[in-house]
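Below is one structure, written out as structure tokens, with a few remarks after it.
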Amino acid sequence: MPVLTIATQPFNDQKPGTSGLRKRVTTFQQAHYLENFVQAIFNSITIPANATLVLGGDGRFYNREAIQTILKMAAANGFARVLVGQNGILSTPACSCVIRKYQALGGIVLSASHNPGGADGDFGIKYNQANGGPASETVTDAIYAISKTLTHYQTVAAPDIALEVLGDYAMGEMVVTVIDGVADYADLMESLFDFGAIRALFASGFRMQFDAMHAVTGPYAREIFIRRLGASAASVMNAVPLPDFGGGHPDPNLTYAHDLVAIMYGDNAPDFGAASDGDGDRNMILGKHFFVNPSDSLALIAANATLAPGYKAGIAGIARSMPTSAAADRVAAALGIPCFETPTGWKFFGNLMDAGKVTLCGEESFGTSSSHVREKDGLWAVLFWLNILAARQQSVEAIVMDHWAKFGRNVYSRHDYEGLPNDAANGVMTLLKASFASLVGKQFGKYTVALCDDFSYTDPIDGSVSTGQGLRILFTDGSRIVFRLSGTGTEGATLRIYLEAFDADIRRHGLDAQVLLAELIAIAAQLTELRSRTGRIAPTVIT
Ligand code: VG1
Ligand code: CO
């Protein structure tokens, strides 16, 4: 099959953000736009003769078209085999699992994760390396540099592959294998958790509600919760992946997962609630009328890790992103294991896991996972919780309260201001940074500023340095406020304000975080001139 070399023009806007390249579908539909980025990926790596690529996406609008395009480009660029998810679908953690299981050279995940989908929504593409994790910054920088200079890409003239039917298909010299990514992933989960105990929990009348948000986890959740664990059919809702996620915003938080939240805070609520995002790497955990903050969830999983068979021998260490609360640090200290603080984005955890320094990783943005893959993993976190609930036979709320009584509570909240004009958001950040020199030592109510900086990280394994990772104001009592601009949006800017204070007093542990953090929230508004600069009086999303 002859390789076709097609002329293209370079694009200047293909810089990957926190997690891959995310743009409007209409941007990706421009002539040669997708091809340009894919060729830049292929040019940034060496493709040996027997190389396998894993390919799949979250099923959003444009997924199928993009998969067919990439298959032909993979054939032209010399891959021996592509493992592609049935119907072109693979969740992000399943893709990571498959890359590792079949020792692939890497994988391409098509997803814009929690961003809305559909013809007017977002699309995205991300390259994962042989360890199953997102490409490092060095690699994404190289891809970006190449994308700005490309003049040609390579493809073949081949018919589309029938992605519905499992099996092998020839495309020139290359073999396309349509795989069942659900089975591989479910098997991995079964090897880590006590499925017998969880099955017994469901059999005893324990009720769960899982919301797949019309996104990728539906088929995985059905296989695992209903078929393998015996949960009732009604326990999984919105389980059919739709190209536009049913018009919703597939982001599992208190604002966008409102249907699930209404059930969990309603009369006769189930014992346990959970949701995942567009590509299946996020998780939200709820108890009866109770929300578990993702930072606490990481700490709690760490403290209870040995209850799950896959973690029986204990954990080597924990890593958390900088804005994530220090609740996990307290558990690490108690266990006598290290805790690492990395920039936002899962790509920073890969080296630590590969080096065996950490077992658990987490981000405040509903992301938790372990070294079983190299991505965050939504259903893994839900299963970990079910395993803990089965072992401890207590309610979600009781388990969290116990944890706080033992370790103290890192009271935590994130306020997101979405869709801000870029100028206003940048203005806030510039103002803050400029004020840093004069802030140290200043007193705001009961808080005194100890240190201000722009977080920078030196990777302990490869020595690479990442600067500009978030503005931090640290107070003398360990409280802090962090400010970041999102790197996953496609229009305007999203300002994230992360607030944290420590409270060891058990009498206050039942109180709402917004009440306990009121003073810090006011300080953040004052320092950023938030109202006058953005015109906003309240955040879009509060976590
Ligand atoms: C957000 C989260 C970050 C997460 C990233 C990708 O990034 O804050 O913790 O790793 O999304 O998650 P940002 O730059 O918008 O703050 V996913 O599930 O969207 O791939
Ligand atoms: Co995601």
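Odds and ends about this structure:
- Computed with a 1.4 Å probe over protein heavy atoms only, the accessible surface of the range 3-181 comes to 35 Å² per residue.
- Taken along its principal axes, the alpha carbon cloud of the range 409-542 reaches lengths of 43, 41, 29 Å, longest axis first.
- Dipole magnitude of the range 3-181 about its Cα centre (Cβ charges: Lys, Arg +1; Asp, Glu -1), debye to nearest 20: 260 debye
- Residue-wise HN-Hα couplings along the range 500-512, as the Karplus relation 6.51 cos²θ - 1.76 cosθ + 1.60 with θ = phi - 60° gives them from phi, are 8, 9, 9, 9, 8, 7, 4, 5, 9, 5, x, 7, 5 Hz; Gly and Pro carry x.
- Distances between placed amide hydrogens fall under 5 Å for residue 322 paired with 342, 344, all partners being 5 or more residues away or on another chain.
- DSSP beta bridges fully contained in the chain are about 70 percent antiparallel.
- Here is the list for the range 89-151: chymotrypsin sites (Phe, Trp or Tyr not before Pro) lying in DSSP coil, each with at most 16 other C-beta atoms within 10 angstrom of its C-beta, are 102.
- Averaging 1/r across all pairs of distinct Cα atoms in the range 488-543 and inverting the result yields a Kirkwood radius of 13.3 Å.
- Among 88-95, 330-337, 245-252, the order from most to least packed when residues are scored by Cβ within 10 Å on average: 88-95, 245-252, 330-337
- Unit charges at the beta carbon, dipole of the chain: most positive-side option, 404, 157, 494: 404
- Note on the chain: dipole from Cβ charges, positive end direction compared against 334, 8, 96; the farthest Cα belongs to 334.
- Summarising the amide proton neighbourhood of residue 209: residues at separation of 5 or more, or on other chains, whose placed amide H is nearer than 5 Å comprise 272, 273, 274.
- The charge dipole of the range 193-271, taken about the Cα centre with unit charges on the Cβ atoms of Lys, Arg (+1) and Asp, Glu (-1), comes to about 360 debye, rounded to the nearest 20.
- Karplus-derived HN-Hα couplings along the range 413-422 (A = 6.51, B = -1.76, C = 1.60, θ = phi - 60°), whole Hz, x at Gly and Pro: 7, 10, 10, 9, 10, 8, x, 7, x, 3
- When the solvent-accessible area of the range 409-542 is split by element, carbon and sulfur atoms take up 52 percent of it, the probe being 1.4 Å.
- Distant-in-sequence amide contacts of residue 18, defined by a placed amide H-H separation under 5 Å and a gap of 5 or more residues or a different chain, comprise 487, 488.
- Averaged over residues, the count of other Cβ atoms within 10 Å places the peptides 186-199, 344-357 in the sequence 344-357, 186-199, highest first.
- Debye log10 I(q)/I(0) at q = 0.09, 0.19 Å⁻¹ for the range 3-181, Cα point scatterers: -0.26, -1.36
- Among 254-263, 161-170, 214-223, sorting by the average number of other beta carbon atoms lying within 10 angstrom of each residue, highest first, gives 214-223, 254-263, 161-170.
- Dipole magnitude of the range 138-193 about its Cα centre (Cβ charges: Lys, Arg +1; Asp, Glu -1), debye to nearest 20: 440 debye
- Sequence-separation-based contact order of the range 131-234, relative, with Cα cut under 8 Å and 6+ spacing, percent: 18 percent
- Accessible carbon and sulfur surface of the range 3-181 relative to its total accessible area, %, 1.4 Å: 52 percent
- Intensity falloff of the range 185-407 expressed as log10 I(q)/I(0), Debye formula with alpha-carbon point scatterers, at q = 0.07, 0.10, 0.11, 0.16 Å⁻¹: -0.19, -0.40, -0.48, -1.08
- For the residue pairs 15/148; 406/446; 72/126; 126/357; 347/376; 288/312, alpha carbon separations beyond 21 Å are given by 406/446; 126/357; 288/312.
- When restricted to Cα atoms, the chain yields an Rg and a Dmax of 22.9, 73 Å, respectively.
- Entry note, the chain: the mean residue ellipticity at 222 nm calculated from DSSP H runs of n ≥ 4, each adding -39500 (n - 2.57), is -9000 deg cm²/dmol after division by the residues and rounding to the nearest 500.
- Residue among 301, 198, 235 farthest towards the positive dipole end of the range 181-318, charges placed on Cβ: 198
The values are calculated or read from the model by the stated rules, or taken from the named source; none is laboratory data. Computed from a predicted structure; not experimentally measured. Backbone-built Cβ (ideal geometry, glycine too); neighbour counts: all protein chains shown. These area figures cover heavy atoms from the full protein model, side chains too; ligands, DNA and RNA do not enter into them. Shrake-Rupley method; radii C 1.70, N 1.55, O 1.52, S 1.80 Å.
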